[in-house]
Amino acid sequence: MTHLVTDAATFAADAISGFVAANPRYVRPVDGGVVRSTVMPAGRVAVVVGGGSGHYPSFAGLVGAGLASGAVCGNIFASPSSGQVYRVAAAVDRGAGVLLSYGNYAGDVLQFGLAAERLRGEGFDVRAVAVTDDVASASLAEIEKRRGIAGDLVVFKVAGAAAEAGLGLDAVEALALRANARTRTLGVAFSGCTLPGAREPLFTVRSGSMAIGLGIHGEPGLSESPVTTAGELAELLVSRLLSERPSGSADRAIVILNGLGTFKYEELFVLFGAVATRLAAAGIAIAASECGELVTSLDMAGVSLTLFWADTELEALWTAPCDTPAFRTGAITAEPDLAVHGADARVSVARPQASEEHREAAAASLAVFRDVCAMIADSEEEFGRIDAVAGDGDHGIGMSRGSQGALAAAERVVAEHGGILELLAEAGEAWSECGGGTSGALWGIALTAAGTSLAGAAGLDALAVSHAVDAALFAVQRLGKARVGDKTMIDAFVPFAERLRGVGTGEALPVAWVAASVAAEDAANATSALRPVLGRARPHVEASLGHPDAGAVSLARIATTAGASLSALLTLSPTE
């Protein structure tokens, strides 16, 4: 995708820094994303949007008066961490509550949900609306499973306009939900997109073909068809969307034709003309329209059509004035905000005094973190290839960034004489923050839960380690909702935890750990025969069959690597 020599590890952060430098009239940076640099009055509902980078103008380009109060910006195609969401939301809260809105992807749902729990626990009134406009990703009967693609803009704009009008949080949430329920999108791709620094695209489309039902994170289309004329493509898109026209809607719709990266404006206009003709033939008037790049996917050659069946109130909110770096309607006045609102930096607190046993365990655990980090770096491309079969291909880079962040945090805790609880908690937060996505969130949860379990143990013996693994598993299942058979990391995690419980009968921990790792490896390989139930692979069942789950494979590999480091980590008897 990139033409300059770039560092993939810092590309997203560098892009945001440059975006802020180019748009000081609209935005200022906070830890986790960007917020408005114009005044947000006290008593105004804050609308926070976000997701992975790589979709500009979404999400940072939509921050400004009349639209989003702030945007949380994850790594390329990876959900932001819950910590990022928390900090952006806290920075824009004006005492009237916060609406979080994002595409319906497992990582985003998990990370924004965790942040919402934390914010509510601190007294914030927080609501969340996941966008579900992609008709290709699930049936209408399972609309709650659909992805959010270009319909993001519809929901964000309606919510932002409602907040700008001074409506309360209940009303803003209700209007956002109503807009989502009345929005439908379908897209096609003519070529895949390429991650910064990568040599190959995440997926390819056969020459002379187009992929129908693509995902904006590089997920392959659900079917292929020969490349056709503008009129025939318009017929395909319009007819499919009209088949899901919401009941009771008027004979008028707001039309959004969205270029996904390299499907450029003149060709968009040709296609828009054909779409307008097909809509007129169906008796549908165009109430308002947008034609351009609004929600992209790096350099993907693709296009999507969105029909928003707005009622009178929703149409007025869609056309209400807004002023952002990438999307402007009407005229609106917003004064520069000269005051500093919210904390941009983390608060520095003194580290609690840890026991000698816990400090020694923390120091010894660095060997495991270093070995795991090195293994993941060596396996990054392999994990990405496995993930790209039916997902977006970012599992390898996400795991690599997450483990590197976790190692850096672990080394910092040891240097500051912290204990195993602090090490696992801070490594978990760093893994979530740096890795992003579903895997980043789940590994962050797992490490934090394991640390909490060890902190409450009477001693750091083999049984305490097994209990910590069980605590990590429980936390991941509670928040991730996956079960054995869903084709996720849980398929490897459960047999690992079950076999490790052998220490309770006197089996030495290193022996039990190696046996548990073998069980995890076998289970991960067996996911090849499973059909995905959760995550981005779910719409691509046939492509997924015959290939293992990337999350299960990486978990089993981590377990095996950690087992090889046990002799350096543990000086424990079987069950002290």
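Computed from the coordinates by the stated procedures, all read-outs in this text should not be read as laboratory data. What you are looking at is a predicted structure, and each value in this text was computed from that prediction instead of being measured. Here the Cβ positions follow ideal geometry from the backbone for every residue, glycine too, while neighbour counts run over all protein chains shown.
Tabulated results
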read-out	value
Segments 498-509, 106-117 sorted - mean Cβ within 10 Å per residue, highest first	106-117, 498-509
Relative packing of 248-257, 45-54, which averages over residues the other C-beta atoms within 10 Å, highest first	45-54, 248-257
Residue-count net charge about Gln111 - beta-carbon cut-off 13 Å; Lys, Arg +1, Asp, Glu -1	-2
Sequence-separation-based contact order of the chain, relative, with Cα cut under 8 Å and 6+ spacing, percent	13
Footprinting exposure proxy for Arg36, Arg385 (fewest neighbouring C-beta atoms within 10 Å first)	Arg385, Arg36
Quarter of Cα convex hull surface for the chain, i.e. mean projection, nm²	25.3
Expected 222 nm ellipticity per residue - DSSP helices of 4 or more, -39500 (n - 2.57), all of the chain, to 500	-15000 deg cm²/dmol
Residues in region 114-148 that a label on Arg240 would reach, taking backbone N under 20 Å of a point 7 Å out along Cα→Cβ	131-148
All-pairs Cα distance distribution in region 11-329, expressed in whole percent, bin size 10 Å	6, 29, 37, 22, 6, 0
All lysines inside 29 Å of Lys487 as judged from Cα atoms, apart from same-chain residues fewer than 8 positions distant	Lys145
Dimensions in Å of region 406-541 - Rg and Dmax from alpha carbons	15.7, 48
Charge sum, other residues only, whose C-beta stays under 10 Å from Ala409's C-beta, Lys/Arg counted +1 and Asp/Glu -1	-4
Cβ-defined net charge surrounding Ala171, 12 Å radius [Lys, Arg +1; Asp, Glu -1]	-1
